[in-house]
Amino acid sequence: MHRNFLFDLDQTLLDFHATERLALQLVLNENGLPFSEELYQDFRACNKALWLRLERGEISRTELFRRRFAHVLRLCGAEGREPLAVNDAFVRSMARNGIPMEGAMDFVRRLRGGIPGARLYVITNGVTVNAKGRIASTGLDRYLDGVFISEELGAAKPARAYFDRCLQEIGAPPEDCIVIGDSLTSDMLGAQNAGLCSVWFRPEGDAAEAVRKYDIDFCAASFDELYTVLAAWAAGR
């Protein structure tokens with residue numbers, strides 16, 4: 001019997017924010033535009049709000065990409081630039097510069113070697129070239145049995161359809177799968193929608209209320225704690 005671990009990618013295994021900041025700085029510098037920490041934080045807030053709207057089905061992926069860089073170009077006084085062209089350069093830069101979360105690589109090696117029948121998968125709403133590039137650039141791909149990207153599946157977290165397609169590809173029943181992620185509205189809600197066991201990783205805010213609202217099974221604040229939780233789940237304890 002295999003135990004299937006479905007990991008969110010960003011802020012769970014890879015440090016999305018560190019890569020995002022570096023890529024934004026590089027692409028703006030390449031275009032002769034100014035970069036600052038204030039600008040990055042503004043971009044980050046705008047980007048997060050747009051991804052939440054995408055999760056709710058309010059905008060398309062193309063609209064998200066256009067809007068986030070139209071916003072940045074306005075802040076830089078460069079409204080005449082093509083937002084989607086700058087976005088494409090940004091995505092390519094991110095794909096070359098994956099940065100693991102501290103302790104993530106040791107954790108996945110430990111999980112692969114320490115839990116019999118362990119299979120590791122990534123579940124992400126990211127762009128294909130971005131997600132696969134960052135995974136490969138860190139060497140994380142050597143430890144994975146599969147990567148499920150919304151752009152390729154035609155559905156996105158937290159929709160049940162996304163998880164149904166993942167499980168179909170894995171070829172495993174729901175009880176042999178567990179979702180691990182940091183996002184309540186994407187990972188934990190998605191697990192709830194699909195009837196899957198879940199671990200909320202690095203919980204922030206009112207944990208008790210979130211556990212009730214999203215029917216979360218476990219919480220873990222570190223990779224050591226996460227390993228203990230997953231080992232117990234795999235053993236059926």
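The values are calculated or read from the model by the stated rules, or taken from the named source; none is laboratory data. Bear in mind that the values here come from a model prediction, so they are computed numbers and not experimental data. Heads up, the Cβs are rebuilt from the backbone with ideal geometry, glycines too, and the neighbour counts pull from every protein chain shown.
Checking the stated criteria, Leu50 turns out not to satisfy the condition of being in contact with an Asp or Glu (Cβ under 7 Å, 6 or more places away or on another chain), under 24 Å from Thr185 (Cα atoms) and surrounded by 18 or more Cβ atoms within 10 Å (Cβ to Cβ).
When Asn130 is tested against (1) within 30 Å of Gly171 (Cβ to Cβ); (2) assigned to a helix (DSSP H, G or I); (3) in the same structural domain as Phe35 (by TED's automatic domain parsing), exactly one condition is not met: (3). Sub-7 Å Cβ pairs linking a first residue in region 160-175 that is farther than 16 Å from Asn125 by Cα to a second residue that is part of a loop (DSSP other than H, G, I, E, B), at least 6 apart or interchain, are Ala172/His2; Pro174/Gly195; Pro174/Leu196, ordered by first then second residue. Return yes or no: is Leu84 surrounded by 18 or more Cβ atoms within 10 Å (Cβ to Cβ), outside the structural domain of Pro158 (by TED's automatic domain parsing) and among the aliphatic types (A, V, I, L, M)? Answer is no for this residue.
Tallying residues that are part of a loop (DSSP other than H, G, I, E, B) and among the basic types (Lys, Arg) within region 10-40 yields 0. Scanning region 3-13 turns up at least one residue that is farther than 20 Å from Ser150 by Cβ and out of contact with any Pro (no Cβ under 6 Å at 6 or more places or on another chain).
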